[in-house]
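The structure appears right after this line, and notes come after that.
Read the figures in this text as sums done on the coordinates, not as results from a lab. The structure displayed is predicted, hence computed values, not measured ones. Quick reminder, even Gly has a Cβ in these numbers, built from the backbone with ideal geometry, and neighbours come from all protein chains shown.
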Amino acid sequence: MIEVSIPATTANLGCGFDVLGMALDIFYTVRVQTIKENQYIIRNRGEGERYLPEDERNLFFRTIKKISKWKNFPELGLEVEAFNQIPVSRGLGSSAACISAAVATVNELNGRALSIEEMIHFAAQIEGHPDNVIPAMVGGLTVAMKNGEQIHYQKFPFFDNIHLVACIPEYTLSTEEMRRILPSDYSREDVIFNLSRIAYLVGSIFRQDREGFFTALDDAIHQPFRGQKIPGFFEVRGYLREKGMGEAVISGSGSTVLLMLRDPITTSGKEKISELFAQKGTKDLIIKNVNWQNQGIRVKQL
Ligand SMILES: Nc1ncnc2c1ncn2[C@@H]1O[C@H](COP(=O)(O)OP(=O)(O)OP(=O)(O)O)[C@@H](O)[C@H]1O
Ligand SMILES: N[C@@H](CCO)C(=O)O
């Protein structure tokens, strides 16, 4: 039996729309054993357990089958125990984790026949968002770049003196819908706004310049539009800025809001954040400290 574990990811990090992503210490873990050919059983525990399919319609098996076909690998029957800590459709890369786990499983069951570049290529093709898939697979904070069919990336460590807090609402948002609400054209001014910030942000990460990082997080491409669908986002961000506490960004396409803080959040800080969200109608909210992860795929033989 093998165990594969993949971290959640937060894509975009403000100005890095479709480019930046970072692995977090929330995991999707599968224990996989081969069984009779053509049998596919998955038992889901944790997030999504009430509604994720437990047969071959599950994204995990759909991914396994696609890759086995592309690569001409034998179609093995599989029995899987899945443990999911990543809330689904909340902008924390749950589908990227599930797809990456399937890709890593296929690789492991076929004598590690795939390179990391191939694994990223397949996973990104199925998931559609390399900014989630790359950090899920390699960990850290990553910059994704597409060049035709090819995907390139750079990986950096994040800051150990920025405290991350995920504010995870009960409601879900579909990535597809949250992409549809974005404009198809942007002014030159907005493009330069984001280009300058992403360059400055990556430079600040490279130099571990925390204040430079906070200065450059803002965005004109997606947050002004998506923020309107996440009641409380603008108010919480405004509060953190006003108090000098840090910044807030929309994680992936939402609904999660990721706080990036200079100091660890206090109990009263959490209460204030809950209150700001509640005033805008978001009442069922999980506020959770999270950490960035330097490792992506983990595989164990059990
Ligand atoms: N752990 C999982 N197991 C099986 N299917 C999953 C799992 N996670 C996500 N999915 C599938 O992917 C869909 C959610 O994809 P979506 O891209 O909207 O959300 P997400 O990956 O959680 O968030 P985001 O991509 O915005 O970070 C679900 O409806 C489900 O079909
Ligand atoms: N960069 C993608 C990530 C989707 O999770 C988006 O924001 O739409």
| field | Cα gyration tensor shape for the chain, rounded if a/c is under 1.5, else prolate or oblate | value | prolate
| task | Once you have a ≥ b ≥ c as the square roots of the Cα gyration tensor eigenvalues for region 46-149, tell me rounded if a/c is under 1.5, and otherwise prolate or oblate according to whether a/b is larger than b/c. | result | oblate
| Listed residue (Ile221, Gln279, Val191) projecting farthest to the positive dipole end of region 163-290, Cβ model | Gln279
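What chymotrypsin sites (Phe, Trp or Tyr not before Pro) does region 186-226 have in DSSP loop regions with at most 16 other beta carbons within 10 Å?
Tyr186
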| message | Need one number: % antiparallel among DSSP beta bridges in the chain, to the nearest 5. | response | 90 percent
| said: At 7 Å along Cα-to-Cβ for each site, give me the label-to-label distance between Lys155 and Asp55 in nm. | reply: 3.8 nm
| message | Suppose R0 equals 30 Å. What FRET efficiency, 1/(1 + (r/R0)^6) with r the Cβ-Cβ distance, do Ser187 and Val299 give to the nearest 0.05? | response | 0.05
| message | Please list, by residue number, every one of the GluC sites (Glu not before Pro) in region 105-177 that is coil in DSSP and has at most 15 other beta-carbon atoms within 10 Å. | response | Glu149, Glu170
| query | Roughly how many nanometres apart are two label points built 7 Å out from the Cα toward the Cβ at Arg180 and Asp18? | reply | 1.8 nm
| said: Suppose R0 equals 45 Å. What FRET efficiency, 1/(1 + (r/R0)^6) with r the Cβ-Cβ distance, do Glu271 and Asn72 give to the nearest 0.05? | reply: 0.20
| task | Quickly work out the Lys280-to-Asn110 label distance, labels modelled 7 Å from Cα along the C-beta direction, and quote it in nm with one decimal. | result | 4.5 nm
| request: Within the chain, what's the longest run with no trypsin sites (Lys or Arg not before Pro) in a DSSP loop and at most 16 other beta-carbon atoms within 10 Å? Give the range, please. | output: 113-206
| said: To the nearest 20 Debye, how big is the dipole of region 163-290 about its Cα centre, given +1 on the beta carbon of each Lys and Arg and -1 on that of each Asp and Glu? | reply: 140 debye
| field | Dipole moment magnitude, nearest 20 debye, the chain about Cα centre, only Lys, Arg, Asp, Glu C-beta charged | value | 160 debye
| message | For a quick check of your reading of the filter: which chymotrypsin sites (Phe, Trp or Tyr not before Pro) in region 1-99 sit in a DSSP loop and have no more than 16 other Cβ atoms within 10 Å? | response | Tyr51
| request: Across region 163-290, how many lysine pairs, 8 or more positions apart or on different chains, have C-alpha atoms separated by under 20 Å? Please give the number. | output: 12
| note | Relative contact order in percent for region 168-302 (Cα pairs under 8 Å, 6+ apart) equals 29 percent
| request: Please find, in a Gaussian network model of the chain (springs between Cα atoms separated by less than 10 Å), the residue of Ile198, Ile41, Ile250 whose mean-square fluctuation is greatest. | output: Ile41
| remark: Under the rule rounded for a/c under 1.5, else prolate if a/b exceeds b/c, else oblate, using alpha carbon gyration tensor axes a ≥ b ≥ c, region 163-290 is classed as oblate
